[in-house]
Structures are given as structure tokens and as C-alpha cells.
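Each remark here refers to the structure printed beneath this line.
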């Protein structure tokens, strides 16, 4: 039997629709994430400065400044100003020891003034009493800190003011105050060497030294006020010690070369830059 053209066309249309339906019902392909490779983070090397740089010496890590105390009062009338040296910039125990020792020295002088003041007249005789304390660093840069403490004072009713110098010498490397004998070799007669030089120098001055020569005799008491400078060992003689008040205090600088044979090369002087 022959198939008519209409039937053929109908059959072709039917199978075409079936094929389209099957295509639309096919499950969608799953999306697979693609991992994009990430470049590894570059590590920046930080140089270890602590391992390549030596720590600063303690004396370069601190600064010397002053703490100021000012007071005044009536009956008896007085004024007081004390500038005490203090190291700042480090909490090292050696620094703390320096500050405590030098503060105690200054406080002792202030207390002595106030003790003398308690005996002064309530009614002013002149302009009242006064007290002044200041300091000077004499040593060159280094671990040896050598200071002069200068005091000027007046007791109401006295004929004239008084002037007094004391010294404070400290080895910052060891964290302790040092004495004069530590500068010299054990067993040497350093006091005689110092006395000989000072006596010869003072005798050249027009100060009437021959009447006060005992003040330069080789005793620890006579050479209690000493300091270190870049020029040498500084000896200070206070008023009345080697000359009359009118002449004033006397100072003698002994060059290190003069004392070279007696100085201890491993002593405190090696810690200062002479």
C-alpha cells in the first residue's frame, strides 16, 4: 500500500518534535570550578641588626642633667637653691647607684646649712642667709664621671660668704664611687708624689703659701678634693687650706705624664678618654 505525501509529512513532523523534547530534557553539564594557581608570597628578609651592631657603652646611653631644689623662708630669713646632678636615659642599676650616691652628698650639704640656720637670729642682721649648690663635670667622655660640687653660702651676720668645693668620682662601668688610691699602682707612695708637685707649684704663686704649707702635706685629708680632666689630675685646695681667705681657693693640675710611673694602667683612668 502506498503512503500518501500527507502521512509522510505528518510522520516527519512527529519525530522531529520527539527529538527536540529529548534534547531539552538532557541534564545540564555541571560547572567544575577551576583553581587558579596563586603565586607563593615572597618572604622579605629583615636584617638582624642586634646581631651585627654592638650595644652602646652605658656612658653613651645616658645624659647628665640637674635636679633643682629651691626654698625660701622667714624668721630666720633664708634662700636656698641646690642643683644636683642626675643621670637620665637608663634604668641600669649602675645609673641608679650614681644618682642615689650623689643625691645623698647634696642632701648632706643642704641639711648642714639648715642645721646652721636653726641657730641664726630670727630678726635679720643683714640680708639673711643663703645657700647655693651647683656642679661641674670635669672629666672627658668615658665611664669615669668626675664632678666638682660647688657650694657658696652665707650665714646672716657673718663677715663674708664661704665657698666650698667637694668632688664626686664615679666609675660607671663598675657602678661604684672611686677613691684616689684606686688610680695608682698598689704600694706606691702616690701622696708624696702629688704633694711634691703641688707644693712646688703653690710656692711659685704670690699667695703666702709658706704660712699655710701644711695644707699641702701628703695626707688623705689634704687631697680629699680631686678630679680628673683631659689635662691631668686636678687638686682643689679650699679656702684657708693653703692660702688666706682673701686669695681664694687654689687649684693645681698635675699632668698625667708626671704621674705616669705611679698610675695603674688597669685602674679607673683607662675608662676615660684622656
Practice item. Could you please state, rounded to a whole Å, how far the C-alpha centre of the range 117-137 is from the C-alpha centre of the range 211-248? Key: 25 Å
Practice item. Determine the distance separating the Cα centre of the range 145-199 from the Cα centre of the range 79-114; give it in Å without decimals. Key: 17 Å
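Kirkwood hydrodynamic radius (Cα pairs, Å) of the range 57-178? Before the final figure, lay out each step's value.
On the way: mean 1/r = 0.0642 Å⁻¹.
Hydrodynamic radius (Kirkwood, Cα pairs) of the range 57-178 is 15.6 Å.
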Exercise for review: With a Förster radius of 30 Å, plug the Cβ-Cβ distance of residue 270 and residue 88 into 1/(1 + (r/R0)^6) and report the FRET value to the nearest 0.05.
Suggested key: 0.70
Check your understanding: Does a label point 7 Å from the Cα of residue 205, set along Cα-to-beta-carbon, have any residues of the range 219-260 with amide nitrogen under 14 Å, and which are they?
Key -> 234-254
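Among 227-234, 203-210, 177-184, how do they line up by average Cβ neighbours within 10 Å per residue, starting with the highest?
Working: 227-234: 18.8, 203-210: 12.5, 177-184: 17.0.
Top to bottom by mean Cβ count within 10 Å: 227-234, 177-184, 203-210.
How large is the direction-averaged shadow of the alpha-carbon convex hull of the range 179-274, in nm²? Spell out each step's value before the answer.
Values: hull surface 23.4 nm².
Projected area, direction-averaged: 5.8 nm².
Just so you know, all these numbers are worked out from the coordinates, no wet-lab data involved. On a predicted model such as this, the values are computed, not experimentally measured, just so you know. FYI the Cβ positions are ideal-geometry reconstructions off the backbone, even for glycines, and counts take in every protein chain you see.
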